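I have placed the structure first, in the form of structure tokens, so that the comments after it can refer back to it.
The values are calculated or read from the model by the stated rules, or taken from the named source; none is laboratory data. Everything numeric here is computed off the predicted structure, so don't read it as measured data. All Cβ positions, even for glycine, are placed from backbone atoms using ideal geometry, and neighbour counts span all protein chains on display.
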Amino acid sequence: VIEIGQPEHSVVTTCAYCGVGCAFKAEMRGEEVVRMMPYKDGKANRGHSCVKGRFAWGYTTHKERILKPMIRERIEDPWREVSWDEALGFAAAKFKGIQQKYGRDAVGGITSSRCTNEETYLVQKLIRAGFGNNNVDTCARVCHSPTGYGLSQTFGTSAGTQDFDSVEDTDVVMIIGANPASAHPVFASRLKKRLRQGAKLIVIDPRRTEMVESPHVKAQHLPLMPGTNVAVLTALAHVIVTEGLVNETFVRERCDWSEFEEWAAFVAEPKHSPEATAIMTGVNPKDLREAARTYATGGNGAIYYGLGVTEHSQGSTTVIAIANLAMATGNVGRPGVGVNPLRGQNNVQGSCDMGSFPHELTGYRHIGVDAVREQFEALWNVKLNKEPGLRIPNMFDAAIEGTFMGLYVQGEDILQSDPNTKHVVAALSSMECVIVHDLFLNETANYAHVFLPGSTFLEKDGTFTNAERRIQRVRKVMTPRNGYADWEVTILLAKAMGFEMHYSHPSEIMDEIAALTPTFAGVSYAKLDELGSVQWPCNEKAPEGTPVMHIGGFVRGKGKFIITEYIATDERTGPRYPLLLTTGRILSQYNVGAQTRRTENVVWHAEDRLEIHPHDAEQRGVRDGDWVRLASRAGETTLRALITDRVAPGVVYTTFHHPDTQANVITTDFSDWATNCPEYKVTAVQISPSNGP
Ligand code: SF4
């Protein structure tokens with residue numbers, strides 16, 4: 001039972017969970033949240049919310065939250081609570097010592113897709129200007145980095161093409177590797193509304209998701225084997241090209257025709273037909289042909305995709321293959337169509353926009369371009385290094401080799417969320433100083449020397465950018481319980497390192513971002529307060545923002561078709577590991593569960609279960625609810641079985657919300673060829689009965 005008192009005032013802010021970006025009114029009594037009410041004028045949610053956002057304040061006052069800075073010389077030592085001054089001085093001395101001993105490039109940092117744009121901007125500024133290198137990366141590395149690569153190559157910009165409202169003009173919804181009903185519930189409601197109105201639904205997913213089971217429409221479900229996305233998308237393209245379903249007018253006007261011809265000849269090869277690829281993909285050729293015809297001829301076709309696309313060794317190739325399909329059918333550049341990544345975390349889009357990748361400054365401009373770099377140098381009054389820095393996996397490798405010794409991690413539990421846990425442990429254990437800046441003592445903190453208490457979204461001002469490029473205000477509703485908002489902590493750490501940054505409010509940080517970033521040039525807090533939100537690009541050409549991109553022409557000029565050769569992952573099944581594991585989420589939990597597990601209203605999802613097809617379970621003598629040992633080439637863990645035909649024979653599935661699950665103990669080292677995004681969605685495994693953990 002939740003006691004609800006009477007609120008005294010309310011503040012409009014933005015949910016800090018998923019990339020839908022629902023606006024809420026935090027109804028307050030003094031400094032206490034009474035309830036979170038979905039805000040009717042929120043343009044992403046239109047007055048709706050899901051169970052996570054509705055109760056999102058619980059973890060702010062959880063007893064396990066760390067409110068005092070802590071330090072220790074060695075990870076074997078107990079933590080010692082100290083003042084902010086002592087903690088920051090200790091951290092700065094360690095980092096400076098490391099740089100003196102090992103060189104300027106021996107330290108770096110990781111930004112958070114949970115923090116605000118302004119906080120992310122400051123962390124990358126600290127690293128580039130204060131540390132003097134480009135060893136900055138973001139937790140988006142492990143989720144949507146292939147989106148950035150694939151969409152910038154084909155369309156010219158690293159973001160989804162249309163706003164959520166445009167779904168109302170969509171006639172065919174194609175969902176690939178995503179389960180919005182669990183992971184993006186408020187947007188899923190809008191999708192379902194459109195389906196009830198008659199839009200058709202195609203779902204490409206190894207699992208029969210809630211969207212497939214939607215009572216409103218008979219979905220065309222292509223239950224492919226994990227790891228075969230590119231083969232299925234190429235087979236769809238094969239049907240579209242060989243059955244004469246290409247929108248030739250669009251392609252001739254908007255794309256490079258000779259590149260299209262090369263691509264069309266490639267996909268038309270008989271080896272790419274649905275029939276030729278059926279055994280490999282597991283998809284019925286008749287169903288695949290039907291789906292291709294529906295998408296190409298059913299009116300406005302919009303593709304929505306998630307981590308089931310990106311977290312593969314061919315993640316970037318898959319994003320490119322999706323873009324090829326959209327261009328070939330003329331489904332880009334007007335409301336109701338497009339290619340739309342569903343971002344997992346609240347600010348994945350923003351953290352990428354804010355220059356968190358080692359090779360890019362804000363707005364996706366390469367650090368090696370002199371004119372771009374000089375603009376930042378002039379404003380920051382420093383000389384910047386033009387060489388791209390280390391990505392997260394390269395930081396880990398360099399740590400084990402002894403050349404990368406100091407890491408500042410803001411708002412991410414890399415030990416729980418990055419692949420191959422043993423490798424991450426080895427890397428963290430090799431470093432001389434790990435600074436964790438977070439709300440709770442997470443798994444990564446077990447290997448840290450400095451713990452800086454973080455602030456929640458309720459304790460700070462700033463902005464988040466959602467999956468539709470919508471920049472929205474986050475407004476402080478209470479004093480930070482730990483003393484400082486995260487943006488203030490980064491400024492203090494920079495000062496301790498000898499690099500001064502002067503801002504009295506996050507609005508000043510946004511003004512600097514706008515001055516340095518053409519796509520944000522028209523963004524200010526005054527405008528956000530006036531309009532409620534804006535979608536970038538927001539500048540002189542589009543002072544009120546851009547809901548739909550690529551209207552009349554692609555950002556890069558001509559749309560670029562790129563040939564996408566299917567290359568099977570090196571992660572293969574065999575006699576020892578005959579099943580394929582894939583992963584996902586459930587509605588009531590969020591990511592590794594650090595917040596939702598500490599919010600009383602959503603405790604009902606007490607454990608992660610392993611979904612197993614009845615045939616596979618029977619062969620191994622496993623019954624519903626039994627403990628099973630799940631083993632891969634990388635490691636093993638123990639889970640309870642859930643017998644279901646939602647997964648096909650040969651495929652098992654689990655969520656990863658609980659630390660005990662240790663899903664990443666068993667995931668492998670394979671990653672996307674272009675971006676190093678880990679291949680979380682395909683792991684060869686074996687299961688056997690177990691007596692429990
Ligand atoms: Fe909206 Fe996502 Fe928050 Fe749910 S978790 S309220 S869908 S932003």
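Per-structure values
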quantity	calculated
In segment 167-220, the residues that are farther than 24 Å from THR297 by Cβ and either of a type in the set (S, T, N, Q) or more than 15 Å from the ligand (Cβ to nearest atom) (or both)	ASN179, SER182, SER189, PRO206, ARG207, ARG208, THR209, GLU213, PRO215
Test: residue in segment 506-514 that is in contact (Cβ under 8 Å) with a residue 60 or more places away in the chain, part of a loop (DSSP other than H, G, I, E, B) and either in the same structural domain as ALA87 (by TED's automatic domain parsing) or out of contact with any helix residue (DSSP H, G or I) (no Cβ under 6 Å at 6 or more places or on another chain) (or both)	no
Test: residue in segment 613-621 that is among the hydrophobic types (A, V, I, L, M, F, W, C) and in contact (Cβ under 8 Å) with a residue 60 or more places away in the chain	no
Long-range neighbours under 8 Å by Cβ, at least six apart or interchain, first residue under 21 Å from ILE471 (Cβ atoms) and of a type in the set (Phe, Trp, Tyr) within segment 32-51, second within 13 Å of the ligand (Cβ to nearest atom) and assigned to a strand (DSSP E or B)	TYR39/ALA23; TYR39/PHE24; TYR39/LYS25
Residue in segment 86-94 that is more than 28 Å from ASN394 (Cα to Cα) and either surrounded by 14 or more Cβ atoms within 10 Å (Cβ to Cβ) or not assigned by TED's automatic domain parsing to the domain that holds VAL186 (or both) present	yes
Residue match in segment 248-260 (condition: part of a loop (DSSP other than H, G, I, E, B) and under 30 Å from ARG572 (Cβ atoms))	no
Criterion (buried (at least 24 other Cβ atoms within 10 Å of the Cβ), polar (S, T, N, Q) and within 25 Å of ALA494 (Cβ to Cβ)) met by exactly one of ASN381, ASN385, ASN347	ASN347
Count of segment 279-295 residues which are surrounded by 18 or more Cβ atoms within 10 Å (Cβ to Cβ) and not polar (S, T, N, Q)	7
Residue that is modelled with the lowest pLDDT [pool: residues in segment 637-693 that are closer than 17 Å to ASP608 by Cα and among the charged types (D, E, K, R)]	ASP660
Residues within segment 358-385 that are free of Cβ contacts under 8 Å to residues at least 60 places away in the same chain and not charged (D, E, K, R), tallied	7
Test for THR310: is it assigned by TED's automatic domain parsing to the domain that holds TYR149, crowded, with 24+ Cβ neighbours inside 10 Å, of a type outside the set (A, V, I, L, M) and touching a Cys at 6+ places or on another chain (Cβ under 8 Å)	yes
Residue check for ALA496: touching a residue at least 60 places away in the same chain (Cβ under 8 Å), over 23 Å from ARG343 (Cβ atoms) and under 25 Å from the mean Cα position of the chain (by Cα)	no
Any chance GLY389 is within 20 Å of MET211 (Cβ to Cβ) and in contact with a strand residue (DSSP E or B) (Cβ under 9 Å, 6 or more places away or on another chain)	no
Wholly within segment 130-209, strands (runs of 3 or more DSSP E) carrying at least 2 residues that are farther than 19 Å from GLY227 by Cβ and not assigned by TED's automatic domain parsing to the domain that holds SER112	172-176, 200-204
Which numbered condition SER113 misses (of (1) over 29 Å from ILE400 (Cα atoms); (2) within 16 Å of the ligand (Cβ to nearest atom))	(1)
Residue in segment 159-166 that is within 16 Å of the ligand (Cβ to nearest atom), surrounded by fewer than 24 Cβ atoms within 10 Å (Cβ to Cβ), at pLDDT below 95 and not small (Gly, Ala, Ser) present	yes
Within segment 494-505, tally of residues that are part of a helix (DSSP H, G or I) and surrounded by fewer than 18 Cβ atoms within 10 Å (Cβ to Cβ)	1
